[in-house]
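See structure below.
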Amino acid sequence: MGLKFSKASDFAQVFVKVLLYGLSGVGKTWAAASAGADPARVLVALCEAQGRLQVAQSNPQATVVEINSWGDWLELQKLMGMKHSGCSGEGCDDCRDTGLEMRARFDLLVVDGYTDLQRYSKLLVETASDRPRNNQSLREGVLGMDDWQVVGNMMLRQFSGLRDVPIHVVATCIGEEQQDGDVLRARPYLQGQAKATVGQFHSLVACLRTRADDQGNVERYAILDSPNRSVIAKGNIRLNAIEPVNVADWISKVLGQIPPQVDAPSAPEPQDNQDQDNGQGSNDEGQQAQEGAAS
């Protein structure tokens, strides 16, 4: 097959992949479920039952599919025509027709969220028959270093499939924060290489936070750029470093459908010189060997 050259302006459609992360309660599920331009054409892959209320309140027109195991997720992969085991991603006999059908029904896929998919993959590794022999004797819920590498690699494959599927995607993930002197650091709660490379698979990576105004009202905002590298984030030239939490507007701005605004809320960010690449945290593989299955 020969190389194909084309003008960037001739691309028929560009799909935006968004990752929202933050502590529990900052509004990730709400923001993701309400991100569709047409609320009725949003499919929510709900990996944790607690998110039902937020989805119902933010977008009652959304279609919800509950993902309760790794097997459920693999089944959805095929239905969406996502790259899966034994499939090149070009569309195999198992997924080609269903993928076209599902993507004709929906404009946006919400994955809520990565933390729970990681938990499902962890459970699968714990019970695998080909698990390394020296790990078989570990007590339930504890993985060895090589087990965590497997979990991380499984998540990387999911990121790759979501990146390549021709539909807008908004995913959520629990975040972790750590005070480092005067600096509050934040990153997605993922394992190994999945944590280190998550930004490569998403168009936008936003850390969601809350703050109170002078009247005590709670305001939610998103960090999309972190000049001092204290927060893993990945923005776009059409977006401000700090944006209101309106993902539908972000997607429209990135695609050039509405002009960018310059009056987004500002949030002070402490200065720090520690090197941390946008969307590329340090590779702390195995550091969280006692995962709390946060969700």
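The values are calculated or read from the model by the stated rules, or taken from the named source; none is laboratory data. Remember, it's a predicted structure, so these values are computed and weren't measured experimentally. Glycine also receives a Cβ, built like all others from the backbone with ideal geometry; neighbour counts cover every protein chain displayed.
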Original post:
Residues in the stretch 221-240: is at least one in contact with a Phe, Trp or Tyr (Cβ under 7 Å, 6 or more places away or on another chain) and either surrounded by fewer than 21 Cβ atoms within 10 Å (Cβ to Cβ) or closer than 26 Å to Gly51 by Cα (or both)?
Top reply: yes
Subject >> Subset of the stretch 188-217 [in a loop (DSSP other than H, G, I, E, B) and more than 17 Å from Ala32 (Cα to Cα)] >> reply: Tyr189, Leu190, Gln191, Asp213, Asp214, Gln215, Gly216, Asn217
Subject >> Pairs, first under 23 Å from Cys173 (Cβ atoms) and touching a residue at least 24 places away in the same chain (Cβ under 8 Å) in the stretch 8-31, second of a type in the set (Lys, Arg) and crowded, with 22+ Cβ neighbours inside 10 Å, C-beta under 9 Å, six or more apart >> reply: Leu20/Lys28; Tyr21/Lys28; Tyr21/Arg187; Gly22/Lys28; Gly22/Arg209; Leu23/Arg209; Val26/Arg209
Original post:
Which ones in the stretch 243-275 are surrounded by fewer than 20 Cβ atoms within 10 Å (Cβ to Cβ), modelled with pLDDT of 95 or more and of a type in the set (A, V, I, L, M)?
Top reply: Ala248
Original post:
Take the residues of the stretch 1-51 that are part of a helix (DSSP H, G or I) and among the polar types (S, T, N, Q): which is modelled with the highest pLDDT?
Top reply: Thr29
**OP:** Go through the stretch 52-87 and give me each residue that's surrounded by fewer than 16 Cβ atoms within 10 Å (Cβ to Cβ) and assigned to a loop (DSSP other than H, G, I, E, B).
**Re:** Pro60, Gln61, Asn68, Ser69, Ser85, Gly86
